[in-house]
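Working notes, beginning with the structure itself.
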Amino acid sequence: MLPDTTGGGRVEVTVHVNGVPHSATVEPRRLLSDFLRHDLGLTGTHVGCEHGVCGACTVLVDGEPMRSCLMFAVSAQHHQVTTVEGLAGADGGLGPEQRAFVECHGLQCGFCTPGFLTTVTAFLRDNPQPSAEEAREAISGNLCRCTGYQNIVRSVLRAAEIRAGRAADCAGPPAGQPTAPPAGEAVG
Amino acid sequence: MSALSERPANPVVGETVPHESAALHVTGRALYTDDLVARTRDLLHGYPVQAPHAHARVTRLDTAPALAVPGVVRVLTAEDVPGVNDAGIKHDEPLFPSEVMYFGHAVCWVLGETLEAARLGALAVEVDYEPLPSVVTVREAIEAGSFQGAQPTMERGDVEAGLARAEHVFSGEFEFAGQEHFYLETHASIAQVDENGQVFVQSSTQHPTETQDIVAHVLGLHAHEVTVQCLRMGGGFGGKEMQPHGYAAVAALGATLTGRPVRVRLNRTQDITMTGKRHGFHATWRVGFDAEGRLQALDATLTSDGGWSLDLSEPVLARALCHIDNAYWIPDVRVNGRISKTNKTSQTAFRGFGGPQGMLVLEDILGRCAPLLGIDPADLRRRNFYTEGQATPYGQPVRHPDRAVAAWDQVVQTGDVDSRRREIAAFNAAHQHTKRALAITPVKFGISFNLTAFNQAGALVHVYKDGSVLINHGGTEMGQGLHTKMLQVAATTLGVPLHFVRLAPTRTDKVPNTSATAASSGADLNGGAVKNACEQIRERLAQVAGGRLGVPPADVRFEGGRVRGLAHDTDEIRWADLVTQAYFQRVQLWAAGFYRTEGLHWDSTVFRGEPFKYFAYGVAAAEVEVDGFTGAYRTRRVDIVHDVGDSLSPLVDLGQIEGGFVQGAGWLTLEDLRWDESDRPTRGRLATQAASTYKLPSFSEMPEEFNVALLEKAHEEGAVYGSKAVGEPPLMLAFSVREALRQAAAAFGPPGTSVDLASPATPEAVFWAVEQARARAAEHGHVAEGFPGMVPPQPNGDVPRYHPRSERPPAEQHALSAEV
């Protein structure tokens, strides 16, 4: 007979995610990452290496970056969790970090992007005007397999500029143009 | 300028635009295959039973205990397969094997209501194994004569005569490691069956058509009964070119047997222990130089570590042979290739597809021989460049060799290479325990699939009555920006703003018979097809517009969503108005596009031809600093000039160059695959099966200064809008880092020291190179000097030398019979 690895029953868990309380009945050892993805359907949080190295699953817990693949959903009870879905600006449009990653091509396949964005959001909140060296240090715990990181550093610095209300373009290559038409513009 | 390459006025191609899905990615709305789980009702989860032996016979498989586990619905075994029990196209990789061929091989799959139920079910399956002798390393395979597939020879001239006339002959041996793809999104497939029996598979696949083919043959269906869609991939790098098929087939088999959607998503441990990697290689070689250091002859035998089945090993080997020359003219050449059969994962495509491995052999030779010739390595490389009129060993004229020179000169100039080399010499003279070095290396990489038939593509373009455009093409998006480029191509050809055009996910029921998104050729091939479809529509619209504007159709111009005559003072029509008018005139507003790369031919029976449409060039200079006590090093600066033709999308292309270089540097310096080579029961187990033990490039390994420029005046006649492919070639720019490390290690010895450097050149490997430089200073490393030298093993004639099965039209294809 196999040992019972289910931890003896299921528990009701309530976690505040992006400002909204969510409840689900889960195994006590349900990972926060699986809880977000599979129980709440918040699939913006991605699972990459599954043991805390790559940082793709990073979410903010009470504002601090945490690996959601190394945390149980029950441990997140009574805490405020912010995922990539919760990073939009006050007006519902893209937040500064999100805008910067779009403009500076700070992503390719996009799988690592949510983890970078949550990490960078917390970093810039605490360090609004980082040097390039500080920016590199801040995101050195996250892995990206596509970009070679150059545009991610540019994105962090650009996000700091946007937060400060400066209008300069993305350092290095010029900033891109929006691909979506402005609201209300007809085709043709 | 060709019709294919010519750009209209104010084209959207060449503009700097963000990735087409960027807004979705930064908000978490972009969907990957496994994100569909939360959106799919009644889904079952698949979990493999992995064998704990490198090689064994399955003597008993009892699934009954698994079925007793709560939540387990079914166990899939070989008996369940209605069609062909094989996950590949060469019928050498059974999907449900009776013989375990590598440690971690899945022998059956358990379906559960939850992933946890499936996992517990997999633990409950009882399997008895009879362990068999195993071959784990490529050296063991060579000694045992364990090979698979064809053993080609690429030959030009008389290699013995070339070596005999050479002033210097060296010979040696080199073995280097493969590479794990470590795409951040692991393999994932979700399959379901509709009310009419149509199988629909969503898969993270670079090759939806082949996934469709394999699913069909496993299920005993025809291709039109299976549809495969790929929304996007979280990285592919070649690892999802052939490897997804079996997992998709397991999901599809489960869906057909249970009537419920089935998800097969490998967790990271499963992905890294079950799926194939870049081939490591072993090489034995002899090389001849004249008195001036010009290459005279190369005699080499390359043995790739193929793993347990062929997969893509034959074409990977072909590309390795075709790239051993890199950018260098070698008059007399004989290169043999063979594929070892080892009890490991089935090694597969990985960015460069053998090209990097072939080139690494020669770059290693040049790096080791330069000190023995008394020639600076940069001079040795530069003086051996191809010049106009010369051809590769397989007979293809080398077009635009001057671009390698231009890129080299630009790197030397903008990288201040000469003055920095003086600074480095001064630094090294002043520092006993720390040494620096700068190396500069070129890349010449052939673009097109080696096999000519694969160089075709299709597209489907719809213009709706309101003027909006929807495009679909056969290529898949894995982050490389292909979809972004295709949107730009369509907007350019139709002369509309970019936001008029949308792109729908890649599906086999939209565009059939596609080639893999691979060989860097995604934009070349699919761009040609999108352009062709758009041109058909544009020509029909020009008829309508010509009539309304009173100008000949050939004089109608489409630009920025406006349509006018050639003369600037004619009337203008809004694009959407013209489209509406055309609809009422009953003009077809959609088109299927097709593209085939012209001018290619390749005869694998003699290993000759012109398989490549063109060559992509690039040059990199890298400066490193090595600590003599530990071998630890850092990359101080990298300068790159790379040839992308006239860029379709500069931001995308720069990102590909930077990312490719870093991935190459990872392969060559960090990423250390270790298999258990002992005789313990864990023999054959991958020891580095997680990101904690398999070191991927991170910020701390990035060059402190990293300058990347696109080569100017680089128009390419033979490709869409004058562009060149960019996916793979930049990976090989990372040779500069490896050669710089070698030179820095050698600087710990006296001038003229040749050191061997293991690959990957981890700090430990560099430490041993430093030790070698200090201790064996007067010797030649492990390079032997003199003719005839160590002659590489030659084929003995008992295996086919040429024309691998994979390059022949399949005779046994599951063709539609008359009674269907």
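The values are calculated or read from the model by the stated rules, or taken from the named source; none is laboratory data. These numbers come from a predicted model, not from an experiment. Neighbour counts run over all protein chains shown; Cβ positions are idealised from the backbone, glycine included. These accessible areas exclude ligands, DNA and RNA; they are computed on the full protein's heavy atoms, side chains included. Shrake-Rupley method; radii C 1.70, N 1.55, O 1.52, S 1.80 Å.
Would you point out the residue of region A:103-132, among those that are outside any helix (DSSP H, G or I) and more than 10 Å from chain B (Cβ to nearest Cβ), that is surrounded by the most Cβ atoms within 10 Å (Cβ to Cβ)? Among those residues, the one meeting the criterion is A:P130. When the test is whether a residue is modelled with pLDDT under 95, open to solvent by 60 Å² or more (accessible area, probe 1.4 Å) and outside the structural domain of A:A122 (by TED's automatic domain parsing), A:M66 does not pass it. Being assigned to a loop (DSSP other than H, G, I, E, B), within 24 Å of B:R674 (Cβ to Cβ) and open to solvent by less than 10 Å² (accessible area, probe 1.4 Å) is a description that applies to B:V755. Kindly indicate whether B:E671 is of a type in the set (D, E, K, R), open to solvent by 10 Å² or more (accessible area, probe 1.4 Å) and either in a strand (DSSP E or B) or out of contact with any Ser or Thr (no Cβ under 6 Å at 6 or more places or on another chain) (or both). It is false that B:E671 is of a type in the set (D, E, K, R), open to solvent by 10 Å² or more (accessible area, probe 1.4 Å) and either in a strand (DSSP E or B) or out of contact with any Ser or Thr (no Cβ under 6 Å at 6 or more places or on another chain) (or both). Do we find a residue being more than 23 Å from B:A439 (Cα to Cα) and open to solvent by 10 Å² or more (accessible area, probe 1.4 Å) anywhere in region B:323-333? Checking region B:323-333: at least one residue is more than 23 Å from B:A439 (Cα to Cα) and open to solvent by 10 Å² or more (accessible area, probe 1.4 Å). For region A:20-61, the tally of residues that are in a loop (DSSP other than H, G, I, E, B), over 25 Å from B:Y32 (Cα atoms) and either more than 10 Å from chain B (Cβ to nearest Cβ) or in contact with an Asp or Glu (Cβ under 6 Å, 6 or more places away or on another chain) (or both) stands at 1.
What do you reckon, is B:S647 under 19 Å from B:F615 (Cα atoms) and more than 12 Å from chain A (Cβ to nearest Cβ)? No, not satisfied.
If you go through region B:403-433 and keep only what is touching a Phe, Trp or Tyr at 6+ places or on another chain (Cβ under 8 Å) and under 17 Å from B:E625 (Cβ atoms), you end up with just B:H433. Taking the conditions (1) in contact with a helix residue (DSSP H, G or I) (Cβ under 8 Å, 6 or more places away or on another chain); (2) at pLDDT 95 or above; (3) outside any strand (DSSP E or B) in turn, B:N450 satisfies each one other than (2).
Any chance region B:591-604 includes a residue that's within 23 Å of the chain's Cα centre (by Cα) and of a type in the set (A, V, I, L, M, F, W, C)? Yes, the conditions are met somewhere in region B:591-604. Restricting region B:210-241 to residues that are open to solvent by less than 10 Å² (accessible area, probe 1.4 Å), farther than 23 Å from B:A30 by Cβ and touching a residue at least 40 places away in the same chain (Cβ under 8 Å), the residue that is nearest to the other protein chains (Cβ to nearest Cβ) is B:I214.
Considering B:L460, B:L451, which residue is farther than 26 Å from B:F748 by Cα and in contact with a Pro (Cβ under 7 Å, 6 or more places away or on another chain)?
Values: B:L460 fails: in contact with a Pro (Cβ under 7 Å, 6 or more places away or on another chain).
After ruling out the rest, the residue left standing is B:L451.
Restricting A:A73, A:A90, A:A100, A:A135 to those that are more than 10 Å from every other protein chain (Cβ to nearest Cβ) and open to solvent by less than 30 Å² (accessible area, probe 1.4 Å) reduces the list to A:A73. Put simply, of B:D42, B:D62 the only residue that is surrounded by fewer than 20 Cβ atoms within 10 Å (Cβ to Cβ), in contact with a strand residue (DSSP E or B) (Cβ under 7 Å, 6 or more places away or on another chain), more than 14 Å from chain A (Cβ to nearest Cβ) and more than 30 Å from B:Q148 (Cβ to Cβ) is B:D62. For the subset of region A:15-52 comprising residues that are β-branched (V, I, T) and surrounded by 14 or more Cβ atoms within 10 Å (Cβ to Cβ), which member is modelled with the lowest pLDDT? Here the residue is A:V26.
Among the residues of region A:138-164, those that are out of contact with any His (no Cβ under 9 Å at 6 or more places or on another chain) and facing chain B (nearest Cβ under 9 Å) comprise A:I139, A:S140, A:G141, A:N142, A:L143, A:C144, A:C146, A:G148, A:Y149, A:Q150, A:I152, A:V153.
Looking at region B:480-493, which of the residues that are in contact with a strand residue (DSSP E or B) (Cβ under 6 Å, 6 or more places away or on another chain) and away from chain A (no Cβ under 12 Å) is nearest to B:D653 (Cα to Cα)?
Residues of region B:480-493 that are in contact with a strand residue (DSSP E or B) (Cβ under 6 Å, 6 or more places away or on another chain), as a first pass: B:483, B:486-487, B:490-491.
Filter once more, so that each one left must be away from chain A (no Cβ under 12 Å): B:486, B:490.
Details: B:M486: 14, B:A490: 18 Å.
Among them, the one singled out is B:M486.
Among the residues making up region B:11-27, those that are facing chain A (nearest Cβ under 7 Å), open to solvent by 20 Å² or more (accessible area, probe 1.4 Å) and either in contact (Cβ under 8 Å) with a residue 40 or more places away in the chain or among the small types (G, A, S) (or both) are B:T16, B:E20, B:A23. Mind listing just one residue for me: the one in region B:691-704 that is within 7 Å of chain A (Cβ to nearest Cβ) and crowded, with 20+ Cβ neighbours inside 10 Å and, of those, nearest to B:F661 (Cα to Cα)? Ranking the candidates gives B:M702 first.
Please tell me if B:S649 is within 24 Å of the chain's Cα centre (by Cα) and at negative phi.
On the way: within 24 Å of the chain's Cα centre (by Cα): yes; at negative phi: yes.
Taking the combined requirement at face value, the residue satisfies it.
For region B:378-419, which residues satisfy the criterion of being under 27 Å from B:G781 (Cβ atoms) and open to solvent by 20 Å² or more (accessible area, probe 1.4 Å)? Scanning region B:378-419 gives B:D379, B:R382, B:R383. Only one of the listed residues (B:E99, B:E79, B:E93) is of a type in the set (D, E, K, R), modelled with pLDDT of 95 or more and over 26 Å from B:L115 (Cβ atoms). That residue is B:E99. Does region B:705-714 include one or more residues that are open to solvent by less than 10 Å² (accessible area, probe 1.4 Å), closer than 30 Å to B:R7 by Cα and within 23 Å of the chain's Cα centre (by Cα)? No, the conditions are met nowhere in region B:705-714.
If you go through region B:545-582 and pick out every residue that is in contact with a strand residue (DSSP E or B) (Cβ under 9 Å, 6 or more places away or on another chain) and either within 18 Å of B:H462 (Cβ to Cβ) or within 14 Å of chain A (Cβ to nearest Cβ) (or both), you end up with 14.
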